[in-house]
Structures are given as structure tokens and as C-alpha cells.
Amino acid sequence: MPRLTGFTSWLAARWVVAAAFMAGALLALVPVLHAAFALPLLLIFLHSPGYMIHQVEEHTGDRFRRFANSIVFGGREGLTVLNVLVINVGAVWGLNLAALYAAAFVGPGYGLIAPYAMLVNALTHLGAAARLKRYNPGLVTSLVLFLPLSLVTLTVIGRDPGTTLAQHGWGLAGALILHALIIASVALRLRRLPG
């Protein structure tokens, strides 16, 4: 695998620390936003710092990538540093920002991909823990943060009279497609590796 260079290398070495600081900064805004935002929008907003806190548990010291490659993929590099960076900074942060904008400017039901993605991620961590009978990086925040936040958000937005079953369907489908693409990418990479 080619080594990361330039900005990508710089970002890969710092994004987890940046996530911790950004989560703190975003959470410091919550009292102000609570006064300005309706509850559904505030809950969608909380998915960004919630994911960042999860990412600190999951990726500090490259824990998740090393765990997945060692335990799940049998010592093969199914996840690269670049994969982790693209998934977490590009896809996750981008998805949560897009969901917030959709919820704010179109309607809360259009931001449902954020809680569904969080719920699918939490269930993935719980499923891995049950299957492997051990801790995996990200498990604690999946239990204490992801499950409650995603379920409360789905409940609150689900009660909004403008939210449709189709919006729930699209949100869940988007979350499942995102996770399926990640799995397919890893599977394709593993298939290309020797051994």
C-alpha cells in the first residue's frame, strides 16, 4: 500500500484529536441552540458531536483499524489509514452535516439518515461484541450514546406530523447502503490481497 503523504498524512495523524476538540466546541453551543432550534433539529445537530465522541473511543491510537485488521480480518489489512479517514471524516461528518441542513431547510424527516446511520453503527458494534465475546473499540459509546440518541431522535421526529413512513424508509435505506458500501469496499480490498 502506498504511504500517505502531504495533507492526507497530516490529517490522518490529527483528525481524532480534532474530533475531541470539535465535539467539545459543538456541545458548548447546545444551550444557545436549544433556545433557537426546535427539538428535532437540535437532536439531529447532536449526532455530529455524538459521532465525534464515539470516534475518539474508537480510533484513538488507531485502535479500531488495528482491532479489525487483527481480529476480524485475521491479520490482513482490510482497513487502511486512508479508508478510516475517508469513512470517518468524509462520509460520517459529511452525512451528519447534510442531514442537519436537510432537516433545517426541508423538514426534520429529511434528516433521518443521521439517527438511522447511528443506530446501524451501534447495532454493528453490539453484534460484533456478541459474536466475538469481547470488547471492540467503539462499543461503550455505542451503548451509552448511540442507542439512546438515535432512538430518541427517531421517536421525536417520528411524532412530527410532517414526517412520513417514506422518509423513515429512505433514512434507513441510506444508512444501510452506506454501511454496505463500507463492507463491500473492505471485502473487495481483502479479495485483492494475497493469502
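The values are calculated or read from the model by the stated rules, or taken from the named source; none is laboratory data. Note that the structure is predicted; figures quoted are calculated from it, not measured. Backbone-built Cβ (ideal geometry, glycine too); neighbour counts: all protein chains shown.
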Restricting attention to the stretch 98-146, which residues are surrounded by fewer than 19 Cβ atoms within 10 Å (Cβ to Cβ) and not in a helix (DSSP H, G or I)? Val106, Gly107, Lys133, Arg134, Tyr135
Search result, residues across the stretch 59-90 that are of a type in the set (A, V, I, L, M, F, W, C) and either assigned to a loop (DSSP other than H, G, I, E, B) or more than 19 Å from Ala128 (Cβ to Cβ) (or both): Phe73, Leu79, Val81, Leu82, Leu85, Val86, Val89
Any residue in the stretch 137-149 that is under 20 Å from Ala20 (Cβ atoms) and of a type in the set (Ser, Thr, Tyr)? yes
Please go through the stretch 20-51 and pick out each residue that is in contact (Cβ under 8 Å) with a residue 40 or more places away in the chain and buried (at least 19 other Cβ atoms within 10 Å of the Cβ). Pro40, Leu43, Ile44, Phe45, Leu46, His47, Ser48, Gly50, Tyr51
Going by what's in this entry, would Leu41 be described as closer than 25 Å to Ile113 by Cβ, at pLDDT below 95 and assigned to a helix (DSSP H, G or I)? no
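Rundown of residues vs (1) over 17 Å from the mean Cα position of the chain (by Cα); (2) small (Gly, Ala, Ser), yes/no style:
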site	(1), (2)
Leu46	no, no
Ala68	no, yes
Leu82	no, no
Asn88	no, no
Asn96	no, no
Lys133	yes, no
Thr141	no, no
Val152	no, no
Could you say which residue among Arg63, Arg14 is surrounded by fewer than 17 Cβ atoms within 10 Å (Cβ to Cβ) and either in contact (Cβ under 8 Å) with a residue 12 or more places away in the chain or among the aromatic types (Phe, Trp, Tyr) (or both)? Arg63
If you go through the stretch 140-168 one residue at a time, how many are over 20 Å from Leu39 (Cα atoms), without any contact (Cβ under 8 Å) to a residue 60 or more places away in the chain and in contact with a Leu (Cβ under 9 Å, 6 or more places away or on another chain)? 1
So for the stretch 170-186 (the condition being crowded, with 19+ Cβ neighbours inside 10 Å, touching a Ser or Thr at 6+ places or on another chain (Cβ under 7 Å) and in a helix (DSSP H, G or I)), does at least one residue qualify? no
The correct count of residues that are surrounded by fewer than 15 Cβ atoms within 10 Å (Cβ to Cβ) and of a type in the set (A, V, I, L, M) in the stretch 153-169 is 2
